[in-house]
Amino acid sequence: MQTWYLYSLLALLLLGGQRFLYKVAAAKNCGTFLTTFCFMITVAVLSSGLLVLFPPIVPSLTFLALISLANSLTFVSATLAHIQALKHMPATVAYPLIRMNIVLVILFAVVFLQERLEPLQILGVALSLATIWVLGRDSAPDSNARTKTKGLFLVLLAMLAGALSAISSRYAAQHTDLLAFIALSYVFSTLFTLALAPRMFTPDQAHTVPHTAPRGSRKLAAGIGLAMGLLNLAGFYLFLKALALGPLAIVASINGMHFLVAVVLSVLIFREKLNPSRLLGLALAIVAIVLLRG
């Protein structure tokens, strides 16, 4: 087994666990702002501490700053939209749709990085588009048209921002120190969370003033955010290692399967139903991602 492939699989499991915590935060009605802020600050503090223990060698501080800025802005936007989307549609719909951002990543790899797309991968792209169509028509039985539209808008925002975040990660993995990138990116992410959360969502959704939330919910949101940060730090580092050693299109495809971990856990723990449309969409997503591996 190639090293980059092993890194990709481990990142899949860790990031899948992190994405499931998005569902937990939404199900427990934790404040989007507080949960995300605790998540971001956990990674920023831990990664900065590791830099003290392992001083980095940074080829270009300017490049590090710019790529960290781009990555943090897109990642925070994707994270906030992802958590909020789960309040408007089931995880079995939202997760597969959001992870179809790998189609955008693969197209970028083919067009701009000249990575070759095999015939089976082309079929995978077609099935990915079919997945978006099937799951996009589905909604929770009790959701109205406005709720469904808002959920789909948030999903599309998470897809686009997530794709841009993955692409910037590729450049960072190949041209700068990984820990320095993670630390600076999450310092920026923490600041962007403070700035964007109140603007993206209404105060009652974002809990922009943490002390207005009930004590129990604040404690739970902080705990979930901390767990997200621990899983993300390890998973993101392994993902960057895989990107540094392997092709973007293939690594992104493998990593794209981590939503399956979250969906399976959502079905087992939250008893979310898998109706025929969602089963078909989930099956199409699995086949598409496998084919995209080549």
### Task
Take the residues in the range 229-271 that are aliphatic (A, V, I, L, M) and within 13 Å of residue 174 (Cβ to Cβ), then tell me which one is surrounded by the most Cβ atoms within 10 Å (Cβ to Cβ).
251
### Message
Given the condition out of contact with any strand residue (DSSP E or B) (no Cβ under 8 Å at 6 or more places or on another chain), over 18 Å from residue 259 (Cα atoms) and crowded, with 17+ Cβ neighbours inside 10 Å, answer yes or no: does some residue in the range 79-100 qualify?
### Response
no
### Query
For the range 225-256, which residues satisfy the criterion of being closer than 19 Å to residue 2 by Cβ and among the aromatic types (Phe, Trp, Tyr)?
237, 239
### Query
What number of residues in the range 216-261 are under 16 Å from the mean Cα position of the chain (by Cα) and either charged (D, E, K, R) or not in a helix (DSSP H, G or I) (or both)?
2
### Task
Using the structure shown, decide if residue 48 is at pLDDT 90 or above, under 19 Å from residue 162 (Cβ atoms) and over 15 Å from the mean Cα position of the chain (by Cα).
no
#### Entry: Scope the range 39-67; condition within 22 Å of residue 192 (Cα to Cα) and of a type in the set (Phe, Trp, Tyr); matching residues
39, 63
### Unique match (being assigned to a helix (DSSP H, G or I) and more than 15 Å from residue 251 (Cβ to Cβ)) among 104, 129
129
#### Entry: Restricting the range 233-274 to residues that are among the small types (Gly, Ala, Ser) and within 18 Å of residue 164 (Cβ to Cβ), the residue that is modelled with the lowest pLDDT
256
### Message
Here's a check for you: in the range 18-67, which residue that is hydrophobic (A, V, I, L, M, F, W, C) and not in a helix (DSSP H, G or I) is surrounded by the most Cβ atoms within 10 Å (Cβ to Cβ)?
### Response
30
## Note on the structure
Of the residues in the range 107-126, those that are in a helix (DSSP H, G or I) and not β-branched (Val, Ile, Thr) come to 107, 108, 109, 112, 119, 120, 121, 123, 124, 126
### Task
Would you mind telling me which numbered condition in (1) buried (at least 20 other Cβ atoms within 10 Å of the Cβ); (2) outside any helix (DSSP H, G or I); (3) not β-branched (Val, Ile, Thr) residue 284 fails?
(2)
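The values are calculated or read from the model by the stated rules, or taken from the named source; none is laboratory data. What you see is a predicted model; the values in this text were computed from it and never measured. Please note: Cβ atoms are built from the backbone with ideal geometry, for glycine as well, and neighbour counts cover all protein chains shown.
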